1. Suppose we keep only residues that are buried (at least 21 other Cβ atoms within 10 Å of the Cβ) and not β-branched (Val, Ile, Thr) within the range 147-160. Which one would you say is farthest from ASN198 (Cα to Cα)?
2. Scan (1) part of a helix (DSSP H, G or I); (2) modelled with pLDDT of 95 or more for the single condition VAL143 breaks and write down its number.
3. Considering only residues of the range 122-131 that are open to solvent by 20 Å² or more (accessible area, probe 1.4 Å) and aliphatic (A, V, I, L, M), which is nearest to the chain's Cα centre (by Cα)?
4. Taking ILE11 as the residue in question, decide whether it is surrounded by fewer than 21 Cβ atoms within 10 Å (Cβ to Cβ), in contact (Cβ under 8 Å) with a residue 40 or more places away in the chain and either more than 29 Å from ASN122 (Cβ to Cβ) or touching a Leu at 6+ places or on another chain (Cβ under 8 Å) (or both).
5. Of all residues in the range 42-63, which are outside any loop (DSSP other than H, G, I, E, B) and either at pLDDT below 95 or polar (S, T, N, Q) (or both)?
6. Take the residues in the range 1-41 that are of a type in the set (D, E, K, R) and in a helix (DSSP H, G or I); name whichever of them is modelled with the lowest pLDDT.
7. Pull up the range 178-208, narrow it to residues that are free of Cβ contacts under 8 Å to residues at least 40 places away in the same chain and within 21 Å of SER30 (Cα to Cα), then point me to the one that is least open to solvent (accessible area, probe 1.4 Å).
8. Any residue at all in the range 103-121 that is within 23 Å of HIS31 (Cβ to Cβ), surrounded by fewer than 16 Cβ atoms within 10 Å (Cβ to Cβ), of a type in the set (Lys, Arg) and over 15 Å from the mean Cα position of the chain (by Cα)?
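The values are calculated or read from the model by the stated rules, or taken from the named source; none is laboratory data. Values in this document were obtained by computation on a predicted structure and should not be read as measured data. Cβ placement follows ideal geometry from the backbone for every residue including glycine, while neighbour counts extend to all protein chains displayed. Calculation scope for accessible area: heavy atoms of the full protein, side chains included, ligands and nucleic acids excluded. Shrake-Rupley method; radii C 1.70, N 1.55, O 1.52, S 1.80 Å.
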Amino acid sequence: MDHLIRQFDLIPENKLSQRITIIGAGAIGSHTSIALAKMGFINQLVYDFDEVSIENMNCQGYRFKDIGKSKVQCLAEIVKEYSGADIETKHEMFDSQPLDGIVISAVDSMKVRQTIWNACKNNIMVDYLIDPRMSIEYALKYVIKPTIPMDIEDYEKTLYSDENSVQERCTMKSVMYTANLISGLVARDVKNLVCKDNYDRVVTYDIETNSMMRWKNDSGLAASNQNA
């Protein structure tokens, strides 16, 4: 743990065993996994059924040599190279498997997001659900305690069908700096949650206008129809 010495006053070593499940290893999930591993959170399980494609090279944490290979297999290799840690991965779609600890819903489908929520809702084994969403220059993030009635009610207002989501054209879907921004915010959420610090229940950030809105953990969630 010597490589983490410069952060121990911020994140004590005894907090780093937290179980974290990341569902989705794309733009948000890949960078979040790497960031958390470099912070010392190596008790990770990452789900993704997909392979790396050429279109992923602009904003996901993969290498050109990874194209055509399993995302989670490549992510495990990259995390090992960057942090020396081994993480657990599953090359499969999430479909209501048991969840515990902190769950990060890093998916781009509202249908899958609903499936994740169904597995978290009223589940005493899940400490928190973090739901980050992004479009090309817009970031949105929710942190939910899935056993608190107010959190349940407010979060469910933000769930809608894929048909009702805003569909960006294929050349306006994702960019590296937005992926880095939102994954950094998620990594900070994990730090705040394990250290029992105050956290933002909702953050929205419009990069084009450089405007941010935050709702602390004593205020309600806001519904949004931004793309994931």
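1. TYR155
2. (1)
3. Applying the first criterion (open to solvent by 20 Å² or more (accessible area, probe 1.4 Å)) to the range 122-131 yields 122-125, 127-128.
Adding the requirement that they be aliphatic (A, V, I, L, M) leaves 124-125.
Values: ILE124: 20, MET125: 18 Å.
Here the answer is MET125.
4. For ILE11, the condition - surrounded by fewer than 21 Cβ atoms within 10 Å (Cβ to Cβ), in contact (Cβ under 8 Å) with a residue 40 or more places away in the chain and either more than 29 Å from ASN122 (Cβ to Cβ) or touching a Leu at 6+ places or on another chain (Cβ under 8 Å) (or both) - is met.
5. Looking only at the range 42-63, we keep the residues that are outside any loop (DSSP other than H, G, I, E, B), and these are 44-47, 51, 54-58.
Correct list: GLN44, ASN56, ASN58.
6. Per the stated criteria, the residue is ASP2.
7. Once the filter is applied, the top-ranked residue is ASN192.
8. No; the residues of the range 103-121 include none that is within 23 Å of HIS31 (Cβ to Cβ), surrounded by fewer than 16 Cβ atoms within 10 Å (Cβ to Cβ), of a type in the set (Lys, Arg) and over 15 Å from the mean Cα position of the chain (by Cα).
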